[in-house]
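Structure record follows, encoded as structure tokens.
The values are calculated or read from the model by the stated rules, or taken from the named source; none is laboratory data. Just so it is clear, the model here is predicted, and its values are computed rather than measured. Note: accessible area is taken over every heavy atom of the protein model, side chains too, but ligands, DNA and RNA are not part of it. Shrake-Rupley method; radii C 1.70, N 1.55, O 1.52, S 1.80 Å.
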Amino acid sequence: MTGIATALTMAIAPIGLAAARQVERVEVLPAHLSILPVQVHGRVERKGDEFVRKWPGSYFETVFEGAAAFFKIGPGEVRLHVLVDGRMIDTLVRPAPGLYRIDGLPRGRHELRVEVASESQAGPTALGPFYAAQRPVATSPRRRARQIEFIGDSHTVGYGVTSATRECTQDDVWRTTDTSSGFGALLARRYGADYEINAISGRGVVRNYNGFAADTLPDAYPYTMFDRRSRAAEPQWHPQVIVVALGTNDFTTPLHTGETWATRATLHADYEAKYVRFVQSLRARNPKALIVLWATDLADGEIETEVAKVVHLLRSSGEQRLAYVPVNGLSFTGCNSHPSLADQKIIAERIAGAIDTQIGAWGG
């Protein structure tokens, strides 16, 4: 697994790291701090040394020398995992905006990673700058050679994945959603890859959950935020593998009077046509990528049947770098009958099986 030994998420914690204190909020930024270079993973709008983001699964990596590091958190509700040298040292739940310090580390070189665990549909959140007392390490964190992108809905977000029960309040959903525990992060760690999660709970291809009005995922996908103001520009993002799962929200609820589709047949036709166009747009952006479409057997198999039709249409049009993965037998014991932690591992294994059969999936 090329690159895994150097991946921050797989690093071995040095002796003495257990003595590090938890992350603490501080009032004053000490003098003589240096701003650290940061590798940002996920779509962001940069405002100076601050990064504003809304898509789930963002993570930020930097390297520093010394016993302490600092970073700023902006406004907005967020849950953050803080890792030093590959070991999680704290989780910040709805942290107040301000400056935060990690201290008590052994002197020397350290790798800091901050992961966004929560979903942020209600509004954007911000992180950065990152600081250290000593000058920045000469080499900033390097991007991994492998890149993998995940596109989808709540199943891809990791909605309610850590919940011990299906019955959840809205606050329960927020607290138990953890994108870093979902199949996307699991697969990225398996392959030593950087990843992006471009998914929104409740969104479909042509129809959102129960028909609610909002941009569908393909309509929201091109943009940095969910507001259609700025298109995502990611010159360093060239995923070798793209994994897509869409259809749960199109088909798991009945059609209502006044919706665009008078029958399921017309809904099916629109879904198939738009999904094909969406995958073709992904192909145009990523000519060499392996594209994996997967589906569960929810909605009495309607989702699987429709995704299989999309795969057939794509292959008939000449698409070759395409795999289809039906994923059956999940327990759906997470919040509001979403995939559990065990389910997420099953999804990851099934998709890995498809990737591993593709010669040159990672470009060599």
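Which value, in Å² and to the nearest 10, is the accessible area of R228 when all protein chains are kept and the probe is 1.4 Å?
R228 exposes around 120 Å² with every protein chain in place.
Kindly report the accessible area of region 145-197 per residue (heavy atoms of protein chains, probe 1.4 Å, no ligands, DNA or RNA), in Å².
Numbers: 1550 Å² over 53 residues.
Per residue, region 145-197 has 29 Å² of solvent-accessible surface.
Taking the Cα atoms only, what angle lies between the long axis of helix 341-356 and the longest principal axis of the chain, rounded to 10 degrees?
On a 0 to 90 degree scale, this one is about 80.
Could you tell me the distance between the Cα centroids of region 180-227 and region 51-84, to the nearest Å?
The two parts, judged by their Cα centres, are 21 Å apart.
Report the relative contact order of region 243-364, percent, no decimals, based on alpha-carbon pairs under 8 angstrom and at least 6 residues apart. Spell out each step's value before the answer.
Details: 113 pairs, mean separation 29.4, N = 122.
Reported relative contact order: 24 percent.
Nearest 500 deg cm²/dmol is fine: what mean residue ellipticity at 222 nm does the chain get from its DSSP H runs of n ≥ 4 alone, each adding -39,500 (n - 2.57), divided by its residue count? Walk me through the intermediate numbers first.
Values: 8 runs with 81 residues, N = 364.
Theoretical 222 nm ellipticity from helices: -6500 deg cm²/dmol.
In degrees from 0 to 90, rounded to the nearest 10, what is the angle of the helix 264-285 Cα long axis to the longest principal axis of the chain?
That helix lies at roughly 40 degrees to the long axis.
Keeping all protein chains in place and using 1.4 angstrom, which order do I303, I346 fall into by accessible surface area, from largest down?
Largest accessible area first, the list is I346, I303.
For the chain, find the longest principal axis of its Cα atoms and tell me its angle to the long axis of helix 302-316, 0 to 90°, nearest 10.
Helix 302-316 sits at roughly 90 degrees to that axis.
Too long at a 31 Å Cα-Cα cut-off: which of K54/K274; K274/K345; K72/K274; K309/K345; K54/K288? Don't jump to the answer; show the numbers that get you there.
Numbers: K54/K274 24 Å; K274/K345 29 Å; K72/K274 41 Å; K309/K345 26 Å; K54/K288 28 Å.
Flagged as over cut-off: K72/K274.
Kindly write out, for region 116-127 in residue order, the coupling ³J(HN,Hα) from the Karplus curve 6.51 cos²θ - 1.76 cosθ + 1.60 (θ = phi - 60°), rounded to whole Hz, with x marking Gly and Pro.
7, 8, 8, 8, 10, 4, 5, x, x, 10, 9, 9
How high is the relative contact order of the chain, given as a whole-number percent (alpha carbon pairs under 8 Å, six or more residues apart)?
Values: 814 pairs, mean separation 63.0, N = 364.
Taking the mean separation of contacting Cα pairs over the length of the chain, I get 17 percent.
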